[in-house]
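Beneath this line is the structure, given in structure tokens, with notes to follow.
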Amino acid sequence: MELVLFACFSLVTLGSAVMVVYHPHPVKSALFLIVTFFSMGGLYLLLNAEFIALMQILVYAGAVMVLFLFVIMLLNLKPRIGRREEFYNRLKIALPLAALMIGIILTVVFHPLAKLGEHGLQSEQWIISHGGNIKAVGEVLFRHYLLPFELTSVLLLIAVIGVVILGKKEIK
């Protein structure tokens, strides 16, 4: 059952990610990105990373997507009209590549040496001994990855300032 769910979430993630890139309408592309984030949250649930799955859905599908939609609407991006042929030509290239990637993923998953389970540095016993998922993630994040975490927050702040500057109208 776990393998079937993994295959379903993987297919949804790959399909919606392809549509994020190839859909001509920016708002619909952002909605496909939300579907991608939700299906990635499902993949995290299969890995027994409940906290990461919840943060994936709350932070990315919620807060970051609100920011993306704000940017799209602030910049008043219009869909590419009259380029349906270009979309379908790109889709003709993307679908075989996506099928090839799915085939490779399924080959790797169904290979006799493949197994779903613990592959990380921290085992389930380590997580339990450190007080559960939330405390373990916080400890690793703020002890070992504090600088990248802070740099990401500064990068997001710079992006928001850039959007406001780009979207600012000239007042006469």
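Among all positions in the range 57-69, there is no residue which is part of a loop (DSSP other than H, G, I, E, B), modelled with pLDDT of 85 or more and not β-branched (Val, Ile, Thr).
Exactly one residue among 5, 33 is farther than 25 Å from residue 152 by Cα, surrounded by 13 or more Cβ atoms within 10 Å (Cβ to Cβ), of a type in the set (A, V, I, L, M, F, W, C) and touching a residue at least 12 places away in the same chain (Cβ under 8 Å), and that residue is 5.
Screening residue 102 against (1) under 30 Å from residue 19 (Cβ atoms); (2) at pLDDT below 70; (3) surrounded by 11 or more Cβ atoms within 10 Å (Cβ to Cβ) leaves a single unmet condition, (2).
Does the range 140-151 contain any residue that is among the charged types (D, E, K, R), over 23 Å from the mean Cα position of the chain (by Cα), at pLDDT 80 or above and outside any loop (DSSP other than H, G, I, E, B)? Yes; the residues of the range 140-151 include at least one that is among the charged types (D, E, K, R), over 23 Å from the mean Cα position of the chain (by Cα), at pLDDT 80 or above and outside any loop (DSSP other than H, G, I, E, B).
Being under 18 Å from residue 64 (Cβ atoms) and crowded, with 19+ Cβ neighbours inside 10 Å is the filter here; which residues of the range 14-25 pass it? Within the range 14-25, just 16 meets the criteria. Summed over the range 162-172, the residues that are of a type in the set (Val, Ile, Thr) and either modelled with pLDDT of 85 or more or not in a helix (DSSP H, G or I) (or both) give a count of 1.
Note on the range 107-123: residues that are over 22 Å from the mean Cα position of the chain (by Cα) and at pLDDT 70 or above total 2.
Scan the range 128-155 and report the pairs whose first residue is touching a residue at least 40 places away in the same chain (Cβ under 8 Å) and whose second residue is part of a helix (DSSP H, G or I) and surrounded by 12 or more Cβ atoms within 10 Å (Cβ to Cβ), with Cβ atoms within less than 6 Å and a gap of 6+ or a chain change. Sorted first by the residue in the range 128-155, then by its partner, the pairs are 133/50; 133/51; 134/51; 137/51. The requirement of being closer than 29 Å to residue 166 by Cα and assigned to a helix (DSSP H, G or I) is fulfilled nowhere in the range 41-53; no residue meets it. Of the set (1) more than 18 Å from residue 72 (Cα to Cα); (2) outside any helix (DSSP H, G or I); (3) not aromatic (Phe, Trp, Tyr), all apply to residue 13 but (2).
The values are calculated or read from the model by the stated rules, or taken from the named source; none is laboratory data. Being a predicted model, the structure only gives us computed values, none of them experimental. Ideal geometry is used to build each Cβ from the backbone, glycine not excepted, and the neighbour counts take in all protein chains shown.
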